[in-house]
Each structure stands twice: as C-alpha cells, then as structure tokens.
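First up is the structure itself, then whatever we jot down about it.
Only the coordinates and a few stated rules stand behind these numbers; no lab work does. Nothing here was measured: the structure is a model prediction, and the numbers come from that model. Neighbour counts run over all protein chains shown; Cβ positions are idealised from the backbone, glycine included.
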Amino acid sequence: MHFLVNDQIHLTEFRPSDKAACVQHLGDREIYDRTIRIPYPYTEADFDNWLEITVKATEQHGEPIHFAIRTSDDSFIGGCGFDELTKGHHAEIGYWLAKPHWGQGIMSAVVSRACQHALASWKLVRITAHVFESNSASAGVLEKNGFVCEGHLRKHYLKDGRFIDGKLYALVR
C-alpha cells in the first residue's frame, strides 16, 4: 500500500522497522501534550502494541486503515489513521507528526489525502476528529480540509490528573 500525498510525502503501512524512529519522535513531550491516545514516555513495547493493533485492523477491514507518514526518502515522520470505521457511514481520524516537520503544511496535505481515500474507498458520509481546545494547529489542519467545529466538549478529557476541554470537528459529505 502506497499513497502519494505530494512530491515530498507519501503514506504506507506501518513497518516493524519504524520502531526506533517512532519511539524517538514520540519521546517528545510536546507531541504527547497535544494528542489524546499516545502514551508518554513512549516505549518500544508501546510501538509493538501499536503495530499489533494496526495488523488486526487491517485484517478486520481487509485493507490498512492506519498509515505511516514518510518523506520522499522513505523516512518515517508520523502517523495518520482512522478508528471506529463503519464503511458506508463514518470514521474518526487521528494524526501526529514529528516536531521537526511542524509548520510546513505536511499534516494538512496528509489529512486531505487520507480523507479523499476514506470518502472514495469506504464511501464515508462523515469523518470526525477530536482535538484539545488548546491545539489550534490541529484545529487549523481540520478547518483547512473542510471540517466544521460541531461542539465544545467541556472537561471531556482527563489527562495527567486534569480535565481538558476539547472540540469535536466533522467533515460531512
């Protein structure tokens, strides 16, 4: 599986060989602070568990639903994928990117390509995304891709012993 995003970025399946880069990138506290489901500190065991989840999801759906983000030289720099996928109806998108690649428009392009695939291949009519209220960069990625904020989720997340507000975004066809 290989999806071209642009001349610099493509999406593939996750590979066992991504472990070292993934552990290194997700060792950055700022990524943890902006994401909902990624543990910190991120360990090799966390990657092994993640890889097992992606393999099971691929088997269940008959194709990959989680994608590794790679540069033109095939370096692993992030992830994007779908949860709660019900073909013909809806899914939730989630994503993260290694900090050295922030602010370059990469994630906006990745989300665009991933959503194009999901809408066309899986015939989705609704894609949702949850973001922390303080994560304006992620909200911007979604808004650039036609997502609309459908609600403010007060004290929706409990992370590190504190309640965090969130926002629910949706792209509806």
Inside the stretch 138-158, the number of residues satisfying the requirement of being surrounded by fewer than 13 Cβ atoms within 10 Å (Cβ to Cβ) and either under 21 Å from PRO39 (Cα atoms) or of a type in the set (Ser, Thr, Tyr) (or both) is 2
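Looking at SER138, SER72, can you tell me which residue is within 28 Å of ALA21 (Cβ to Cβ), touching a residue at least 40 places away in the same chain (Cβ under 8 Å), in contact with a Lys or Arg (Cβ under 8 Å, 6 or more places away or on another chain) and of a type in the set (Gly, Ala, Ser)?
Residue meeting the stated conditions: SER138.
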Could you figure out which of (1) over 19 Å from GLY79 (Cβ atoms); (2) among the basic types (Lys, Arg); (3) in contact with a strand residue (DSSP E or B) (Cβ under 9 Å, 6 or more places away or on another chain) isn't true of LYS123? (3)
